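The structure under discussion appears below in the form of structure tokens.
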Amino acid sequence: MEEQIKEWSEKIVPWLLSHGIKIVLIAAAALILNRILARIIDRAIRIAVVRDETMTVEAERQREDTLIRIFTGAMSIVIIIIAVLMILKEAGLDIGPMLAGAGIVGLAVGFGGQYLIRDIITGLFIILENQYRIGDVININDISGVVEDISLRKTTLRDINGTVHHIPHGEIKIVSNQSKDFARVNIDIGIAYNSNLEKVIRVINQTGEELARDPYFKELIINPPKFLRVNEFADSAIIIKILGDTKPLKQWEVAGELRKRLKIAFDREGIEIPFPQRVIHNISEKKE
């Protein structure tokens, strides 16, 4: 047993001192190179991306972060593949047949990889055209959610229920971005037919102005919500449309606060918000 251990140690120790050290150095060099190139990509993109006049600082930051994540991820994959091949070669494996085999497999897979190529090409156009960024709220193929990740192949969304959706770029036909440049409060509210319309307009506009002057909400509102038009004569109410502009992703918070303040203001001013009612007449005949 001692002779066996001695024999192994005589073989392993020299190998570790030569090839083992080289393998460790390759892994360390790959890690250091990955970090250095990641910093270079970060700085290069921060400098190279030209800010659009209509783009806010936050929107520009989101676009830069998205590009940095995509290019850094692609670079890391390349470095890992090269480092693994070098380690295998240093370990004594002949990587020539492996590369040849990989080429043959790649050719075979290529015939069925047209969907992957389509996903990557579509992803490149999405990124270059800045259609959406990480952190945006978008609709894709009737799926709505926050963009959690973008790669060259797919987009990852998380909806309001917390469900994560992975959508290949090749499947994307129409994208609706709810958080680019600015957002909009769009509210329809019903009032009774016997309401004084001029009074209702005054109360709505006044409430919107008060909300826009609020110390907290004034930072979220671009244009105060106000009366736009009488949108519809419904069965039991006149439908009023209210519009206002907010910063991206703030429209829901502003709309919720506006509804609360409108209800308080309508109650104070005696303006009725009707609800559907059904009157049932029960006709009974007395039999004598």
(request) Residues in the stretch 176-206, backbone N under 13 Å from the label point at ARG268 (7 Å along the Cα-to-beta-carbon vector): list them, ranges by number please. (result) 203-206
(request) Pick out, from ILE127, ASN177, VAL146, the residue whose Cα sits farthest towards the positive end of the charge dipole of the stretch 107-219, with +1 on the Cβ of Lys and Arg and -1 on the Cβ of Asp and Glu. (result) ILE127
(request) Kindly state, to the nearest 0.05, the FRET efficiency for PHE182 paired with ILE82, given R0 = 41 Å and r defined as their beta-carbon distance. (result) 0.35
(message) Give me the one-decimal nm value for the distance between modelled label points at LYS241 and LEU228, 7 Å along each residue's Cα-to-Cβ direction.
(response) 0.5
(request) Would you give the gap between the C-alpha center of the stretch 220-255 and the C-alpha center of the stretch 136-192, rounded to a whole Å? (result) 21
(message) Using the basic label-point model (7 angstrom from Cα toward the beta carbon), what is the ASP42 to ILE143 distance in nanometres?
(response) 3.1
(message) Need one number: nm distance between label points at TYR216 and MET75, each 7 Å from Cα along Cα→Cβ, rounded to one decimal.
(response) 4.1
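No lab work stands behind these numbers, since they all come straight from the coordinates. Since we're looking at a predicted model, the values are computed, not measured. Positions of Cβ are backbone-derived with ideal geometry, glycine not excepted, and every protein chain shown enters the neighbour counts.
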